[in-house]
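Remarks on the structure that follows.
Throughout, read-outs are computed from the coordinates displayed, never taken from laboratory work. Bear in mind the structure is a predicted one, so any value in this text is a computation, not a measurement. FYI the Cβ positions are ideal-geometry reconstructions off the backbone, even for glycines, and counts take in every protein chain you see.
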Amino acid sequence: MRQKRAKAYRKQMNVYRMTFKFKPPIQVLVDSNAVLEAEKSKFDLKKGIDRTVQMETKLFITQCCINHLYETGNQPAIDIAKTMEKRRCHHKETMSSYECIKSITDVGGHNKFRYVVVTQDEKLRRSLREVPAVPLIYMNRSVMIMEPMSKVSERVVGEVERRKLVGGLNDAKRAGLMDGPPSAPPAGRSDDGGSGGKDGKSDGDGEAEGEDEDEDDAPNHSTANPRHKRRGPKQPNPLSVKKKKIVKETETVDKTVVKKSRKRRHGSKI
């Protein structure tokens, strides 16, 4: 697989994983036509699917598709189908691969079980393009090809991204603007904006007192929000400062003390 195509497949599967919650092991639903094509071209189906999806995968095949393989009498293709896990479709009578896989994948217009569908049926792929979040894979000359994301899936991805963006802007807690309950109103004022107090004074007196209180409280507003103190110069890094030399307290010889010289007296001459 070429590097450019592998990068596009990896990016596409990451969108399915992040938006539509696909989780490894990825469940891959294979129809009888894909098994017959792989047997005809001697292609390792499991290895090719793992290389295309680039995640851990688990292959499934329905009972109806197995019955179609038994009808063909192709024993190598039947052996390939036996290596996959059987997916119960609960169909009493054998249905076509198109109807069987369509009924499992399109559940109420959604890919409920998050299947990746591998099929050679163009009609089935055209029908599943109308269902969001259905990755489609087919074989072209022994090469596994993953179809680009359908327009329906792209529309759903755009809606999810838009909902995340709008939800983050409108929700204060999600946006990180509010970490706790809203602050209480300032003391001394009621919620209804009235100026009446406990003394039961008239509105006129309250307005006059309110003006006086505003004048008295004017300097307090400046102290409510003090300015940040300007920081002084930073101290040097203690690890980069040269350590002081420690002087020994006890020394054997004191160089400042000078020894006194002894004078020798000679006897008097007779």
Next on the checklist: Give the separation of the Cα centroids, segment 43-74 to segment 85-106, in Å.
Outcome noted: 14 Å
Checklist outcome for this item: Amide H neighbours of ASP31 at under 5 Å, excluding residues fewer than 5 places away on the same chain, with H built from the backbone geometry, are VAL118
Item to check | For segment 3-156, fraction of C-alpha pairs farther apart than 26 Å, in % | outcome: 20 percent
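Within 10 Å of each candidate Cβ there may be at most 14 other Cβ atoms; applying that plus a DSSP loop requirement, which trypsin sites (Lys or Arg not before Pro) in segment 39-107 survive?
On the way: sites: LYS40, LYS42, LYS46, LYS47, ARG51, LYS58, LYS82, LYS86, ARG87, ARG88, LYS92, LYS102; in loops: LYS42, ARG88, LYS92.
Here the sparse-neighbourhood loop sites are LYS42, ARG88, LYS92.
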Checklist outcome for this item: The ³J(HN,Hα) series, computed from each phi in segment 4-10 with the Karplus coefficients 6.51, -1.76 and 1.60 at θ = phi - 60°, rounded to the nearest Hz and given as x for glycine or proline, is 5, 5, 5, 5, 5, 5, 5
Checklist entry - Pairs LYS92/LYS112; LYS46/LYS112; LYS58/LYS102; LYS42/LYS151; LYS46/LYS86; LYS92/LYS151: which are spaced more than 25 Å apart, C-alpha to C-alpha? => result LYS42/LYS151; LYS92/LYS151
